[in-house]
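Student: The structure that follows is given in the form of structure tokens.
The values are calculated or read from the model by the stated rules, or taken from the named source; none is laboratory data. Everything quoted here is computed from the prediction, not taken from an experiment. Neighbour counts are summed over all protein chains in view; Cβ atoms, including those assigned to glycine, are modelled from backbone coordinates with ideal geometry.
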């Protein structure tokens, strides 16, 4: 096996771990010791995915596939932002200022610029997938900048960190399922390929995550803390 093939195999194996732990944590009772431990494994798996996807983007560029390389790099950026938020929202739950510090703003700006670059690239090469998926980076980046400028309002909401945490988990879940449906599943079931299925593989998890967020938000709708008079 070549170095690239080994890298892809390792990436896929880590992806399976991420997929299993994502759904395991989804059904576990929130806040329990097991939930936290499985969540750590999921977070480590997502970090491993980033560590292997980065050189994969470089290999794609070196092999004469600049568009693929650019899109992979973009996915690394927006996934890294979600991974960071998933971790720091828990660690900084008592300090919204620390959470929304420079490390929060920097990746947000990078996500915004990456989304803009992918949008321009998609228009230039006529790729609807790139144009459509650029919205994720643009929205994420804009949200980070907005929350940094209005962090007092964010911190005034009860359990703000919990909302930030599960939003990031949903973002990482999107990345995990897209990877499985667009890369893993076609290898297991070659007949599962095709233009329509490819589009569903990319935008299906995104749509499901949006619906899931709406439903979860109804349960954990942030409430403004009552200020002492």
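Student: Where residues in segment 1-15 are touching a residue at least 40 places away in the same chain (Cβ under 8 Å) and within 20 Å of the chain's Cα centre (by Cα), which of them is surrounded by the fewest Cβ atoms within 10 Å (Cβ to Cβ)?
Tutor: 10
Student: Would you call residue 97 loosely packed, with under 15 Cβ neighbours inside 10 Å, closer than 28 Å to residue 35 by Cα and over 18 Å from the mean Cα position of the chain (by Cα)?
Tutor: Yes, satisfied.
Student: Next question, about the same structure. Going through segment 130-139 one residue at a time, which ones are at pLDDT below 95 and either touching a helix residue (DSSP H, G or I) at 6+ places or on another chain (Cβ under 6 Å) or not in a helix (DSSP H, G or I) (or both)?
Tutor: Correct list: 130, 131, 134, 136, 137.
Student: Shifting gears a bit: Is it true that residue 163 is under 18 Å from residue 82 (Cβ atoms) and surrounded by 14 or more Cβ atoms within 10 Å (Cβ to Cβ)?
Tutor: It is true that residue 163 is under 18 Å from residue 82 (Cβ atoms) and surrounded by 14 or more Cβ atoms within 10 Å (Cβ to Cβ).
Student: Could you pull out the residue among 147, 213 that is surrounded by 19 or more Cβ atoms within 10 Å (Cβ to Cβ), more than 12 Å from the chain's Cα centre (by Cα), under 24 Å from residue 84 (Cα atoms) and modelled with pLDDT of 75 or more? Working first, answer last.
Tutor: On the way: 213 fails: surrounded by 19 or more Cβ atoms within 10 Å (Cβ to Cβ).
Result: 147 is the single residue among 147, 213 that is surrounded by 19 or more Cβ atoms within 10 Å (Cβ to Cβ), more than 12 Å from the chain's Cα centre (by Cα), under 24 Å from residue 84 (Cα atoms) and modelled with pLDDT of 75 or more.
Student: Would you confirm whether or not segment 111-123 contains a residue that is in contact (Cβ under 8 Å) with a residue 60 or more places away in the chain, within 18 Å of the chain's Cα centre (by Cα) and either farther than 20 Å from residue 44 by Cα or buried (at least 17 other Cβ atoms within 10 Å of the Cβ) (or both)?
Tutor: Within segment 111-123, the subset in contact (Cβ under 8 Å) with a residue 60 or more places away in the chain is none.
Checking segment 111-123: not a single residue is in contact (Cβ under 8 Å) with a residue 60 or more places away in the chain, within 18 Å of the chain's Cα centre (by Cα) and either farther than 20 Å from residue 44 by Cα or buried (at least 17 other Cβ atoms within 10 Å of the Cβ) (or both).
Student: I've got another one for you. Provide a single number: the residues in segment 31-89 that are outside any helix (DSSP H, G or I) and either under 18 Å from the mean Cα position of the chain (by Cα) or on the phi < 0 side of the Ramachandran plot (or both).
Tutor: So the count comes out to 3.
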